[in-house]
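The structure under discussion appears below in the form of structure tokens.
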Amino acid sequence: MTADPGDWGGAAQARLDAIRAADRWRSTVELDAFGNEGRLGAGRDVVTFASNDYLGLTAHPAVIEAAVEATRHGGSGSGASRLVVGSRPVHAELEAELADWKGTERAVLFPTGYAANLGVVTAVAAAAPGGAVPLLCSDELNHASIIDACKLAWAEVAVYPHGDTAAVERLVAGAAAAGRPVAVVTDTVFSMDGDEAPLAELVALCGSYRALLILDEAHAVLGPELSQPPARSAGAFSAVTLGGSVDGPTVLRVGTLSKTLGSLGGFVACPEVFADLFVNTARPYIFTTAPPPGNAAAALAALRIVRSPEGDALVARLRSHIDRVAPGHPSPIVPIVLGSDERALRAAAFLLERGLLVPAIRPPTVPVGSARLRVTLSAAHTDAQVDALVGALRELQVGVGS
């Protein structure tokens, strides 16, 4: 039977029926929380191991106070995009400190990390050398925001096997031999596996072939970190600050304010010429209302904590928690791959009965057959809470970090 081309509601229902039939129906669950403790749904008290608030800064008194004061001073919203009188002094102040933190000439704020990836990737693709259609090389496990950005970009996209630098080099070398502009885009810490990209190898590779390197550092609270040249002088990775040199590739560093910094928003830290490019051509920057003053002020306060001795102590505490759950694991994201959707859902329900909120992650978020628990740890967790998690995982008899 031919489908009715005007029956949009029926088509939507058919799609929903297919999701239900595959047992992959999703719905939101309310969590009334402060920090990593809260009340789930109708009244179950839980400790959440599901948040990306890695340093616990969403509940830090100085961060909250900064948000409150900025809101009292500037209101609950910015009122317009930054190019239409939506830019506030705190936006520029935060950008300056982000650039200093990342060792770049400039930083540009976006409403979210998702918007930052869309804006950066599409803007650089449209400005490729010689007006050519560039090649974008993207890791197969990159975040959805990178995948969508590549789809939207005026570019050819090549998806390479996860972390496979030999495959990247074949792609980049082929583009270079053809005189074609090429960029490599990757997460530095991958959001569902918690593993790291081969950053040093990618930097060296992109430097050798003059490829642009776009890094999404959203989850990189513990690294990996780029080496920085002393005092912004020539040296290793000087392209990060000087806009390109024989010593290293041009690197664009995308980040988020919503994870390590406990607020909301995104940014790119980059050479000045690229900052101007994004302000003038990145559509998510131009056509979206600027982040509220409270969000920007909260992120600024959090960043100052991160760069202080207190921040060092929080990172050390986070590292200690990770090592108690998965010794030596490189990030706060600890996957427990269980395979089937049913097994992952049963494991999540088992933990929830013990007051531990650990979500089951299922396709299409992860590949079919790799459903998992995604444990995320925070410096805000207490030793007793981590003990409870470790004990419950032992009861489950599941492998950690698999």
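The values are calculated or read from the model by the stated rules, or taken from the named source; none is laboratory data. All figures in this text were calculated on a predicted structure; none of them were measured in a lab. Neighbour counts are summed over all protein chains in view; Cβ atoms, including those assigned to glycine, are modelled from backbone coordinates with ideal geometry.
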For segment 352-379, which residues satisfy the criterion of being closer than 18 Å to Gly194 by Cβ, outside any strand (DSSP E or B) and of a type in the set (A, V, I, L, M)?
Val358, Val366, Leu377, Ala379
Just to be sure I understand the filter: pairs with C-beta atoms under 9 Å, separated by 6 or more residues or on different chains, first member in segment 57-76 and part of a helix (DSSP H, G or I), second member among the basic types (Lys, Arg) and surrounded by fewer than 18 Cβ atoms within 10 Å (Cβ to Cβ). Which pairs pass?
Ala62/Arg304
Among the residues listed as Val315, Val400, Val386, the single one being of a type in the set (A, V, I, L, M), modelled with pLDDT of 95 or more and either more than 30 Å from Ala107 (Cβ to Cβ) or more than 25 Å from the chain's Cα centre (by Cα) (or both)
Val386
Of the residues that make up segment 364-372, is at least one surrounded by fewer than 23 Cβ atoms within 10 Å (Cβ to Cβ), within 21 Å of Gly262 (Cα to Cα) and either touching a Leu at 6+ places or on another chain (Cβ under 7 Å) or of a type outside the set (Lys, Arg) (or both)?
no
Can you tell me how many residues within segment 197-210 are farther than 21 Å from Asp148 by Cα and in contact with a strand residue (DSSP E or B) (Cβ under 8 Å, 6 or more places away or on another chain)?
7
Do you know which residues across segment 78-104 are farther than 15 Å from Ser263 by Cβ and not in a helix (DSSP H, G or I)?
Gly79, Ala80, Ser81, Val85, Gly86, Ser87, Gly103, Thr104
For segment 179-196, which positions are of a type outside the set (Ser, Thr, Tyr), in contact with a strand residue (DSSP E or B) (Cβ under 9 Å, 6 or more places away or on another chain) and outside any strand (DSSP E or B)?
Arg180, Pro181, Phe190, Met192, Asp193, Gly194, Asp195
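Taking the options Ala349, Ala379, name whichever one is of a type outside the set (Phe, Trp, Tyr), outside the structural domain of Leu261 (by TED's automatic domain parsing) and surrounded by fewer than 20 Cβ atoms within 10 Å (Cβ to Cβ). Before you say what the answer is, go through the steps one by one.
Working: Ala379 fails: surrounded by fewer than 20 Cβ atoms within 10 Å (Cβ to Cβ).
The unique qualifying residue is Ala349.
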